[in-house]
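The values are calculated or read from the model by the stated rules, or taken from the named source; none is laboratory data. Remember, it's a predicted structure, so these values are computed and weren't measured experimentally. Please note: Cβ atoms are built from the backbone with ideal geometry, for glycine as well, and neighbour counts cover all protein chains shown. Accessible surface is based on the protein model in full, side chains and every heavy atom, while ligands, DNA and RNA are left aside. Shrake-Rupley method; radii C 1.70, N 1.55, O 1.52, S 1.80 Å.
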Amino acid sequence: GNSVTQMEGPVTLSEEAFLTINCTYTATGYPSLFWYVQYPGEGLQLLLKATKADDKGSNKGFEATYRKETTSFHLEKGSVQVSDSAVYFCALSEWDRDDKIIFGKGTRLHILP
Amino acid sequence: EADIYQTPRYLVIGTGKKITLECSQTMGHDKMYWYQQDPGMELHLIHYSYGVNSTEKGDLSSESTVSRIRTEHFPLTLESARPSHTSQYLCASSELSGNTIYFGEGSWLTVV
């Protein structure tokens, strides 16, 4: 079955550091891929998405590229801020197969001033 | 900005009480979901619905029940709350054939 594996946290970085959160997936077909962010005390918000191979999703300085050859969708940001401290979830869906979205277990990010 | 609302945001209740968590969305989405989120962050799908009068159990067994009488409304009920039900509950919605899911802000339930 489909699955998502993302790096375990917590990840602690200093402000302005470069961020990478790894995400790999297994899927039977051609899924759409997502990154969601959860700020403290809130629900999940869609951060970015990509619907086909080689697509790059981007938002708020974050980027992720859909790599079919490595089945990966790593999240990157060039210079993190304290306000980026949150939990990040990688997810996939194959709506034309079983219309479920599969979430990774989440990666907690702490940014130190 | 997604238009999906949950009430109450925070609730502390005694064991044995009946509670209903409300969820409403104004986007006209057919599909709605309830997730339970552990303190360790992992999300577990407990209920979902394809539309009015449709309810399905998710991947994680739950003692809660749901109903879908109106498209925009998907309440979750616990008939007799227990401390093991203490958790965050997240409601979400999506188009029937869409591939993006939108979340409410969550309801934090504490059973004492």
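Would you report the distance distribution of C-alpha pairs in the range A:38-97 as whole percents per 10 angstrom bin, up to the bin with the largest distance? Histogramming the range A:38-97 at 10 Å steps yields 19, 50, 26, 4 percent. The per residue volume of the convex hull around the alpha-carbon atoms of chain A is 92 Å³. For the protein assembly as shown, the equivalent ellipsoid derived from the alpha-carbon gyration tensor has semi-axes of 30, 21, 15 Å in decreasing order.
Which Cα, out of B:TYR48, B:THR100, B:THR7, lies furthest along the positive dipole direction of chain B (beta carbon charges, K/R +1, D/E -1)? Sorting the options by dipole projection puts first B:THR7.
Along the axis of the charge dipole computed for the range A:1-112 (Cβ charges of +1 for Lys and Arg, -1 for Asp and Glu, origin at the Cα centre), the listed residues A:PRO10, A:THR71, A:ILE21 are led at the positive end by A:THR71.
For the Cα trace of chain B, dividing Rg by the Kirkwood Rh returns an Rg/Rh value of 0.95. For the range B:1-30, the residues whose backbone nitrogen is under 11 Å from a point 7 Å from the Cα of B:VAL112, taken along Cα to Cβ, are B:12-15. Spacing of the modelled spin labels on A:THR70 and B:THR7, each 7 Å from Cα toward Cβ, amounts to 4.8 nm. With Cα atoms defining each centre, the range A:60-88 and the range A:8-48 are spaced 6 Å apart in the structure. In chain B, the portion of solvent-accessible area held by carbon and sulfur atoms comes to 51 percent [1.4 Å probe, whole percent, DNA, RNA and ligands not counted].
Based on every Cα atom in the range B:31-89, Rg and the maximum pairwise Cα distance Dmax equal 11.5, 33 Å. Loop-located GluC sites (Glu not before Pro) across the range B:42-100 with a Cβ neighbour count of 13 or fewer within 10 Å are B:GLU63, B:GLU79, with loop assigned by DSSP. Summed over both chains, the contact between A and B buries some 1800 Å² of accessible surface at a probe radius of 1.4 Å. Go through A:LYS56/B:LYS31; A:LYS49/A:LYS105; A:LYS56/A:LYS105; A:LYS52/A:LYS100; A:LYS60/A:LYS105; A:LYS49/A:LYS100 and tell me which ones have a Cα-Cα distance over 20 Å in this structure. Beyond 20 Å between Cα atoms: A:LYS56/B:LYS31; A:LYS56/A:LYS105; A:LYS60/A:LYS105.
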